Amino acid sequence: MTRPRMTGPRMTGPDDHHSRPAERNNPRSAVNRLSAEDVTLAYDQRVIAEQLSVEIPDHSFTVIVGPNACGKSTLLRALSRMLRPSRGRVLLDGQVIQSMPAKKVARTLGLLPQSSVAPDGITVADLVGRGRYPHQGVLRQWSAEDERVVRESMARTGVAELADRYVDELSGGQRQRVWIAMALAQQTPLLLLDEPTTYLDIQHQIDVLDLCAELHEEQGRTLVAVLHDLNHAARYATHLIALKGGEVIAQGAPDEVVTAGLVEEVFGLRCQVIDDPETGTPLVVPAARRGRARAGRAAATEVS
């Protein structure tokens, strides 16, 4: 998929810092469908984040980034109703998400969790079909429309040929694509994905992220994803949220957020940030090890 190319040169060095984009957060908007207000998130007595507030811009492809154990997946769990905040509230369409009927939430918001376990002996087609559960009811049973959506979801994720296979006999990458197909079959306007490229090789990582971009650009869905790869996040996201220690350090457009100063502050990595030659989006180039850099300079001196 061709992403829009940004104009103008970009290069920041490892010693450049930034005026935190977090201080220029998007103004609060009552129309955004999904938000968290001053939430405290904890597992038992272990607090992950306190007084954390985020708004997910409607029709955005929002990506949450940050170092390990910074609260990325915890925030996603709270936004998806899987984790109840100790304090504060998560709002979906202006309502506290915990107060809403589960089926109503499931028709609005889909989730691909980090670790999913399929029931024993279930086929791919049957698992993807479970994504249609929120659309079933007393007066509406399985329909030709459900069948069409399931077939289309499997085709879009490249698992149609696996329809009759058992999920537990698939590779990790194949299973991940099946779970994504189930999330697509749910046909929700908001889709949350926790590390959707886990277990995938580089080709399938790009395929999945291209698919996410299509859902955002062509269907207008709002996507929220947790990604570990900062360059993937910068290439695909329209809105980035950078977390560290349960705190929002920066949020905004990737070209505003991804600077050498931000990368060093959040990840402890010295780097340069340049234009991606394919897309013009920010590309993080880690600083070379000193010994390797000296060897490279020595080789260049000999050649000259």
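The values are calculated or read from the model by the stated rules, or taken from the named source; none is laboratory data. Bear in mind the structure is a predicted one, so any value in this text is a computation, not a measurement. Virtual Cβ from ideal backbone geometry, glycine too; neighbours counted across all protein chains shown. The accessibility values were calculated without ligands, DNA or RNA, using every heavy atom of the protein model including side chains. Shrake-Rupley method; radii C 1.70, N 1.55, O 1.52, S 1.80 Å.
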Relative counts (whole %) of C-alpha pair distances in the stretch 46-104, using bins that are 5 Å wide: 4, 15, 28, 26, 18, 7, 2
What are the aspartates and glutamates whose alpha-carbon lies under 16 Å from the alpha-carbon of Lys104, with same-chain residues fewer than 8 places away excluded? Asp93
Over the Cα atoms of the stretch 204-297, what Rg and Dmax result, in angstrom? 15.0, 50
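Report, to the nearest whole %, how much of the accessible area of the stretch 192-292 belongs to carbon and sulfur atoms, 1.4 Å probe, protein only. Spell out each step's value before the answer.
Numbers: 1850 of 3990 Å².
Ligands and nucleic acids excluded, carbon and sulfur reach 46 percent.
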Using only the alpha-carbon atoms, what does the stretch 155-276 span along each of its principal axes? Please give whole angstrom values in decreasing order. 50, 29, 28
Residue by residue through the stretch 109-126, the couplings from Karplus 6.51 cos²θ - 1.76 cosθ + 1.60 with θ = phi - 60°, in Hz, x for Gly and Pro, are 9, x, 9, 10, x, 5, 10, 10, 10, 7, x, 4, x, 9, 7, 4, 4, 5
What order, most packed first, do the peptides 186-196, 232-242 have when packing is the mean number of other Cβ atoms within 10 Å of each residue? 232-242, 186-196
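Just how many % of Cα pairs in the stretch 93-240 lie over 18 Å apart, if you round to the nearest whole percent?
Value for the stretch 93-240 (Cα pairs over 18 Å): 58 percent.
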Residue-ordered couplings for the stretch 178-187, obtained by feeding phi - 60° into the Karplus form 6.51 cos²θ - 1.76 cosθ + 1.60 and rounding to whole Hz (Gly and Pro as x), are 5, 4, 5, 4, 5, 5, 5, 5, 5, 6
Under 23 Å Cα-Cα from Lys72, which lysines qualify once same-chain neighbours fewer than 8 residues away are excluded? Lys244
Put +1 on the Cβ of each Lys and Arg and -1 on the Cβ of each Asp and Glu in the stretch 189-279; which of Thr197, Val224, Cys212 then has its Cα farthest toward the positive end of the dipole? Val224
